[in-house]
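Peer 1: Let me give you the structure first, and then I'll get to my questions.
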Amino acid sequence: MQLDKSDLQEALRILSAEAGVFVPSVVEGVSRFALWDGESSIDLSRVNTELPPKDILFPQTEKMYSYKMGKNIEIKEIIDNPKQVVFGIRPCDVKSIGCMDKVFLEKTYVDSFYAGKRENLTVISVGCTQTDRTCFCDSMGLSPSDAPGADVMMNDTGDTFVVEAYTDKGKQVMEAWKPLLKKGGKKPAAPECTLKVKMSPEISVKLSKMFEHPIWEEVSRPCIGCATCTYVCPTCYCFDMNSDNHSSEGTKFRCWDSCMFSDYSRMAGGHNPRPGKKERVRNRYMHKLSYFNERYETSLCAGCGRCADKCPAHMDITAFIDRVAEEEMENA
Amino acid sequence: MNDTLEIKREAQLRETARRLLEDGTVGYIIGWGTTRFEDKTAPLFAAKPEEADRLVWNEYCINSLAKYSLDDKYPEKKIGICVRGCDSRAVNRLVNDKQIERENLFLIGMPCSGKENSVCEGCSHKNPVVYDILIGEPVEENTEEKASAERFREIEEFEKMSPDERYEFWAKQYDKCIRCYACRNICPACSCKECYADQYMVGWQGKQNNRAESQVYGLTRAYHVGDRCIECGECERVCPMGLPIMRQTKKMLKDINDLFGNYECGVESERAPVLGEYDLTDRDEFM
Amino acid sequence: MHSINHECTCSSNPLIPHVCQVTAIKQETPDVQTYRIQTLDGQKPFSPMPGQLAMISLPDVGEAMFSITAQGEDYIESAIKNAGQLTQAFHEMTPGQQIGVRGPYGNHFPVDDLKGKDLLFIGGGIGLAPVRSLIRYCFANREDFGHIDILYGARSPEDLVFKEDLSLNWPKEKDTTLHVTVDRGNETWEGNVGFVPAYLEELAFSPVGRKVILCGPPIMIKFASQSLMKMGFAKEDVITTLEMRMKCGIGKCGRCNIGSKYVCLDGPVFTLAELDELPDEN
Amino acid sequence: MSVEKNWEPKIIAFTCNWCTYTGADLAGLNRMKYPENVHLVRVPCSSRVNPQFILRAFQKGCDGVMVCGCHPGDCHYATGNYFTRRRFMLMKRLLEYNGIDPQRFQARWISGSEAAKFRDTMTQVTAQIRELGPNSKFQEKWYQEGGPENE
């Protein structure tokens, strides 16, 4: 099916009657997914937003429960799962949601906060027509123009979007858009990432044997230990739990945390199993490229390139992957 | 920027670096190296003479390097660091703050005519203020008029706004802050072994990300480094959300200059920070 | 790694604690207290397997993971050392205090693998707490197990935890030998003086038909493991528990990973052979 | 923000143990009255006051904050209040630069014998803050939404 670009506003308006619609836009100079007010401009000119869409499902600060102390403790769960639609999300970010689904919905426990939001979220992906210089999703096994995890997949053909529903949620969207949709439309060819990275399943296995390798000392040296890479990463999901206390009552919240911070793994008493940047950078890269593969059978890096773009020290995960690939050839 | 001169400087840098590594003057040299992208360089740690040729010198050598010396406080041999004007002031900052020993460093002075960075516009020290060896000839400094006109121009503009406008401006900025602490970690004046902001259990700072907490973080940091800021602009460069962080610290510096006389940090090798000393003749405006 | 016990009486949201109360407090040593925990209507909060963990919290102070040291018909118990802000607050509690509890978390000791074997328990300091649940389990099912040796060490006689068990209850059990040692004795101490690994080598246990359960501070685990290897124990036969910083307890928040394993979910109980497979990071 | 009916300004004054706090004590002995809106926090020296206390006070719901110490030259620790003077001259300007009204943060020198000055200062500052109305700048949302009366 096809949707005329001139009908896009109307299409979103239809959705926003039922749900909060998030669109890529520029807020105070920062490109991010923001709640669409029916008029603000929708910025599809960028390949990727600066901030990832993960906070729609996993807010940077999320209230979990409120409590009242005293002779009796009262605990009240805070549930906030509005119906939401995210529009214009790129295939790499859709894959990232898939990664978070695995973390929060699988392996013994289901995370209720995430599950509630996820269930009420409809994902409308718009494929890329071009790629950025830091994009490498096709090296990570994705396609810039197709997001298998999306509910609705849209591709830009110039004047129209080719629209396809992948799930039941997607079909409902198509149903709502019925008056606007036209038959036909051919999906355009996918653009190719200019940046090619030598990623392969073997790299993950190779890495799992490189824990003691001198490479970590070297690649971690420029790291300044900030959380930029983890906070702009669409898949980084680590969190901390803390309370916001006002004398005898307050709320318990969880918030993004970063494995790059010194207090992340420090235990009561001061012992820290990952005391320096070597250990922390190793943990992050290993988590992205090896540990996660071992546990969930997919990589935790979607190839969006945000970390490479934003790192203050200009560290680059793609250069690291290629280094590891070379390491392999040397040892072979 | 005189290209041939800078290309020559790069060659001289590599030659000097190789010599220093060969004769064992330094254990390794911290400089800039290439990345995948032409317009980005990354910190490079060259330990072997043959690695000297990987050092680059161009308009994209943008990262401040001095703070990496904190990773190696007790080096076996001297650490060679390439220092531009701002980096050399960062070294003075760290030495003044008793974070590193000057004897442990070998400073390779790199006269710098400005990088792809807006902060370089009003630079007052293009040539390193301290070095052990200078690569090539010094470059021409900005005139004092230009540097001082540029220095607090933005602050003066901003002060003209009404208090509510100013508050709104900053509130919107801090709404953007994601508290990645890149500004803190890159800053040569932020050298606390453990930052107050990481001590969540103590209660200085909540970990939740909201306007109030980010405001407290932003102002605390501004105040804490304000009298020691060397105006290198790294905080602003690294901020992934584009907050004009320098506008806070420069306000502090402007007031210090107004109240206590001319003051530029990191220019002299030994100078206590303004808030670390006092003068009996300080203005007494509190009654 | 062993199966996980899913029984949970909390709300369906695993991150929300269940309000329980502390019904009895026992001072074990100057800085260790044991808390008896029951639901508000006097029931057992949940039935953990030996070695499982509970997240215990005072919502306004914090939340942390503790091992469950014992359980009865209608209660669970946890012995907690005063080591930080939260545990300090626990130590200021009086009976009747309400607390938040969620769990049980983690895997447990492989009780089926231990059946029919002689057992050697090695504990150091507060490290006796996690193994105590298993020791009690073994005594409750005494016929299933062979000879039981318990080797326990602490810094000083005052620091010995569960003194009643050590001096009265456990020596009375059939086929059980206790070996207690302290780093520094005092005027009244008549037992052994010396570190656990040294005493372990002195006692020269045979590895034949014997499984070891080892728990204590990391440095003790390190040297005791070396001693056990010297004595000929196989790594598969030495079981230990790990400690990492934890927040969520359910394998989501990320920080307690060792390689691709989460200590809160896949641990805390590992054999030395399993640990060999993991990166050396703890 | 509209001024609530029963709003009363909340003011924290960090007072040096040796001068201002003693001055407050003397005011009490002399049965002098000062507004109960002022909450005193006793500190060993005015230079003990970390500028972050000021930020945190505004964040946690104060409408005004004061730092009070010995007159310059009279510091019990000889030089403490010289540091205070520098520190808060800068802090005051930084706060104003960020949009805080100058009257909301004030520093004063009040000696142990100046009970009347203590009373007059507190009365005057309270009146100023009352005039300004409630502060919401830098404040946590919880307080902006009513604070303890939330429930």
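Peer 1: For a paramagnetic label modelled at 7 Å from the Cα of residue B:77 toward its Cβ, which residues of region B:40-64 fall within the zone defined by backbone nitrogen distances under 15 Å?
Peer 2: Only B:45-53 pass the distance filter.
Peer 1: Using only the Cα atoms, work out Rg/Rh for region C:111-241, with Rh taken as the Kirkwood radius, to two decimals.
Peer 2: Reported Rg/Rh (Cα atoms, Kirkwood Rh): 0.94.
Peer 1: Below 11 angstrom from the Cβ of residue D:144, what's the summed charge of the other residues (Lys, Arg +1; Asp, Glu -1)?
Peer 2: Cβ neighbours under 11 Å give a net charge of +1.
Peer 1: State to the nearest 20 debye the size of the charge dipole of chain A about its Cα centre, where the only charges are +1 on K and R beta carbons and -1 on D and E beta carbons.
Peer 2: My answer is approximately 440 debye.
Peer 1: When the scattering of region C:18-105 is computed by the Debye formula from its Cα atoms alone, each counted once and equally, what is log10 I(q)/I(0) at q = 0.19, 0.20 Å⁻¹?
Peer 2: Listed by q, the Debye log ratios stand at -0.77, -0.86.
Peer 1: Cα axis of helix B:3-22 to longest principal axis of chain B: angle in degrees, 0 to 90, nearest 10?
Peer 2: 70
Peer 1: Which percent, to the nearest 5, of DSSP beta bridges fully inside the protein assembly as shown are antiparallel? Before the final figure, lay out the partial values.
Peer 2: On the way: 77 of 139 bridges.
Roughly 55 percent of the beta bridges in the protein assembly as shown run antiparallel, per DSSP.
Peer 1: Then there is this: Compute the helix-to-body angle for B:211-226: its Cα long axis versus the longest principal axis of chain B, expressed 0 to 90° and rounded to tens.
Peer 2: Computed tilt is about 60 degrees.
Peer 1: In addition: Which is the longest part of chain C that has none of the trypsin sites (Lys or Arg not before Pro) sitting in a DSSP loop with at most 12 other Cβ atoms within 10 Å?
Peer 2: The reported range is C:1-173.
Peer 1: Now for a separate question. List C:120, C:275 from most exposed to least, where exposure is judged by having the fewest other Cβ atoms within 10 Å. Walk me through the numbers before you get to the answer.
Peer 2: On the way: C:120 26, C:275 20.
By the 10 Å Cβ count, ascending: C:275, C:120.
Peer 1: Looking at the P(r) of region C:50-171, how many percent of alpha-carbon pairs lie beyond 17 Å?
Peer 2: Counting every Cα pair in region C:50-171, those more than 17 Å apart make up 61 percent.
Peer 1: Stokes-Einstein D for region D:30-151 at 20 °C, 1.002 mPa s, Kirkwood Rh over Cα pairs, in µm²/s?
Peer 2: In µm²/s, the coefficient is 139.
Peer 1: Among B:45, C:270, rank each residue by its count of other Cβ atoms within 10 Å, from fewest to most, as a rough exposure measure.
Peer 2: Listed from fewest to most nearby Cβ atoms, that is B:45, C:270.
Peer 1: Counting Lys and Arg as +1 and Asp and Glu as -1, what is the net charge of the other residues whose Cβ lies under 14 Å from the Cβ of residue D:37?
Peer 2: Result for the local shell: +1.
Peer 1: Give the aspartates and glutamates reachable from residue C:230 as a straight Cα distance under 18 Å; neighbours fewer than 8 places away on the same chain don't count.
Peer 2: Result set, ordered by chain and number: C:201, C:202, C:276.
Peer 1: Where the centre of each part is set by its Cα atoms, how far does region D:31-76 sit from region C:197-212, in angstrom?
Peer 2: Cα centroid to Cα centroid, the span is 65 Å.
Peer 1: Over all directions, what mean area does the Cα convex hull of region A:120-252 project, stated in square nanometres?
Peer 2: Mean projected area of the Cα convex hull: 14.6 nm².
Peer 1: Note down the nm distance, to one decimal, between modelled labels 7 Å out along Cα→Cβ at residue C:85 and at residue B:199.
Peer 2: 1.1
Peer 1: Residues with beta-carbon under 11 Å from that of residue B:96, excluding residue B:96: net charge, scoring Lys, Arg +1 and Asp, Glu -1?
Peer 2: Residues near residue B:96 contribute +3 overall.
Peer 1: Further, regarding this structure: Could you tell me what fraction of 2.2 N^0.38 Å the Cα radius of gyration of region B:3-144 comes to, as a two-decimal ratio?
Peer 2: 0.98
Peer 1: Can you pick out the pairs among A:63/B:176; B:115/B:250; A:63/A:117; C:26/C:261; C:117/C:172; A:277/B:193 whose Cα atoms lie more than 25 Å from each other?
Peer 2: C:26/C:261
Peer 1: To make sure I understand, if each residue's beta carbon is the centre and we count other beta carbons within 10 Å, what order do D:12, C:56 fall in, fewest to most?
Peer 2: In increasing order of surrounding Cβ atoms, one gets D:12, C:56.
Peer 1: If one computes the Cα centroid of region A:208-248 and of region D:97-118, what distance in Å separates the two points?
Peer 2: About 44 Å separates the Cα centre of region A:208-248 from the one of region D:97-118.
Peer 1: Put a dot 7 Å past each Cα toward the Cβ at residue C:276 and residue C:202; how far apart are the dots in nm?
Peer 2: 3.0
Peer 1: While we're here: State the Kirkwood hydrodynamic radius of chain A in Å, one decimal place, computed from all pairs of distinct Cα atoms.
Peer 2: Value: 21.4 Å, from the Cα pair sum.
Peer 1: Post the alpha-carbon centroid distance, region A:90-132 to region A:44-66, in whole angstrom.
Peer 2: After rounding, the separation between the Cα centres reads 11 Å.
Peer 1: What is the diffusion coefficient of chain C in µm²/s, taking the Kirkwood radius over Cα pairs and the Stokes-Einstein relation at 25 °C with a viscosity of 0.890 mPa s?
Peer 2: On the way: Rh = 19.2 Å.
For these conditions, the coefficient is 128 µm²/s.
Peer 1: When the Cα atoms of chain B are enclosed in a convex hull and the volume is divided per residue, what value in Å³ results?
Peer 2: Spelled out: Cα convex hull of chain B, divided by residues, is 158 Å³.
Peer 1: Take each uninterrupted DSSP H stretch in chain D, measure its Cα extent along the helix axis, and return the ones at 24 Å or beyond whose mean Kyte-Doolittle hydropathy is at least -0.5.
Peer 2: Taking the DSSP H segments of chain D (at least 24 Å long, mean hydropathy at least -0.5), we get D:115-132.
Peer 1: Something else now. Just to be sure I understand: if I project the alpha-carbon convex hull of region B:152-273 onto a plane and average over all orientations, what area do I get in nm²?
Peer 2: Computed as one quarter of the Cα hull surface, the answer is 8.2 nm².
Peer 1: To continue, here is another question. If you filter region B:227-287 for GluC sites (Glu not before Pro), then keep DSSP loop positions with at most 15 other Cβ within 10 Å, what is left?
Peer 2: Passing both the DSSP loop test and the Cβ count: B:268, B:270, B:277, B:285.
Peer 1: I'd like the GluC sites (Glu not before Pro) in region B:71-173 restricted to DSSP loop residues with at most 14 other Cβ atoms within 10 Å, sorted by number.
Peer 2: Answer by residue number: B:76, B:101, B:116, B:140.
Peer 1: Separate question: Hey, what's the Kirkwood Rh for the protein assembly as shown if you take every pair of different alpha carbons, in angstrom? Please report the intermediate quantities before stating the final value.
Peer 2: Values: mean 1/r = 0.0309 Å⁻¹.
Taking every pair of different Cα atoms in the protein assembly as shown, averaging 1/r and inverting gives 32.3 Å.
Quick note: the coordinates plus some simple rules give every number you see, no bench work behind them. Worth saying up front: this structure is predicted, and the values here are computed from it rather than measured. When we count neighbours, we look across all protein chains shown, and the Cβ atoms used for this are built from the backbone with ideal geometry, even at glycine.
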